[in-house]
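The values are calculated or read from the model by the stated rules, or taken from the named source; none is laboratory data. This is a predicted model, so every value here is computed, not measured. Note that each Cβ is placed from the backbone with ideal geometry, even for glycine, and that neighbours are counted across all protein chains shown.
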Amino acid sequence: MLKYYHAEPLANSLKSMVPLHEKGLPYESIYVDLHKFEQHSDWFTAINPEGQVPVLDHDGVIITHTTVINEYLEDAFPDAQPESGPLRPRNPEGAARMRYWNKFVDEHVMNHVSMHGWHRMIRVITQNIEEGTFEELMARIPLPDQRKKWMTARSGFSEADLANATSKIDYALDKVEKQLSQTPWLAGATYTLADINFYSHCGAMVERMFPDLDVATRYPRIIDWRERVTARPAVAEALKAEDRTMPGLRTWSGHVR
Ligand SMILES: N[C@@H](CCC(=O)N[C@@H](CS)C(=O)NCC(=O)O)C(=O)O
């Protein structure tokens, strides 16, 4: 029995939900309301002491961190694969290329996109919380870096930090565009966990978040790649989870990560 604890199907919550659908694995979907700080509540930190989503529970075995969850699913359910082939290539070179891109997205993309999302949305949410209540909520956050991020969101990220994040995203888009001029998918000839990773963090929302980067004109291969990912039935299924979470709020800006 699989249980998946998640927020809205965006970013990390989307990233491990897509493989569940691609592999056709039935799971119990458990929505964790980040807007109510449920991720730091006692019931949830009893499951994940780091107080973050998503979390996979496989017959009581708790797995956290999306890249780890996605590889776990490959190891635990090797025969459940989409028609396009395994999400982690079976040959060592293909698997290494997939991991290279996962590492790149995890280390050089995710946090930069996240900072802009927080700056635009979380700042407003945090500023609407009264001082004493805010301090109490902060005290419940298990990860020190995450606590710092929530507190910075309240005062606002600096223009220098935001500009630095934008330039890192531009660098990443350029790198992905070049890769897509050589191979149809990030890790080579087939769609893999690397595509799911970049799509979840930097797919549908990138144009709306960074209009100045002029993505549609400067990165046409990324647009084409994004359409191919979006057209996958499993991706559409995962995105539909929005209907079970917060109807009508499928925008990057409604999300806490
Ligand atoms: N490295 C983790 C990051 C998880 C993460 O950042 N989760 C966000 C949601 S996308 C979260 O729980 N944010 C709320 C918080 O930290 O309070 C992963 O890959 O799963």
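Looking at the range 217-257, which of its residues are away from the ligand (no atom under 16 Å from the Cβ), at pLDDT below 95 and not in a helix (DSSP H, G or I)? Hits for the range 217-257 are Lys240, Pro247, Gly248.
Within the range 167-187, is even one residue under 26 Å from Tyr199 (Cα atoms), touching a Gly at 6+ places or on another chain (Cβ under 7 Å) and in contact (Cβ under 8 Å) with a residue 24 or more places away in the chain? Looking through the range 167-187, at least one residue is under 26 Å from Tyr199 (Cα atoms), touching a Gly at 6+ places or on another chain (Cβ under 7 Å) and in contact (Cβ under 8 Å) with a residue 24 or more places away in the chain.
Here Asn48 meets each of (1) within 15 Å of the ligand (Cβ to nearest atom); (2) touching a residue at least 60 places away in the same chain (Cβ under 8 Å); (3) out of contact with any Lys or Arg (no Cβ under 7 Å at 6 or more places or on another chain) with one exception, condition (2). Applying the criterion of being acidic (Asp, Glu) and in a loop (DSSP other than H, G, I, E, B) to the residues of the range 30-54, the residue that is farthest from Val18 (Cα to Cα) is Glu50. Does Pro86 fit the bill of being part of a loop (DSSP other than H, G, I, E, B), in contact with a Lys or Arg (Cβ under 9 Å, 6 or more places away or on another chain) and closer than 30 Å to Lys178 by Cα? No, not satisfied.
Exactly one residue out of Ala189, Ala172, Ala139 is more than 16 Å from the ligand (Cβ to nearest atom), modelled with pLDDT of 95 or more, among the small types (Gly, Ala, Ser) and surrounded by fewer than 17 Cβ atoms within 10 Å (Cβ to Cβ): that is Ala189.
Close Cβ contacts (under 8 Å, 6 or more residues apart or on different chains) running from residues in the range 128-143 that are over 14 Å from Arg154 (Cβ atoms) to residues that are within 13 Å of the ligand (Cβ to nearest atom) and assigned to a helix (DSSP H, G or I) comprise Arg140/His40; Pro142/His40; Pro142/Thr45.
Taking the range 55-77 as the range and being part of a helix (DSSP H, G or I) and either free of Cβ contacts under 8 Å to residues at least 24 places away in the same chain or within 14 Å of the ligand (Cβ to nearest atom) (or both) as the test, the residues that pass are Thr66, Thr67, Val68, Ile69, Asn70, Glu71, Tyr72, Leu73, Asp75, Ala76. Assessment of the range 109-130 against the conditions (of a type in the set (Asp, Glu) and either at pLDDT 95 or above or assigned to a helix (DSSP H, G or I) (or both)) yields no matching residue.
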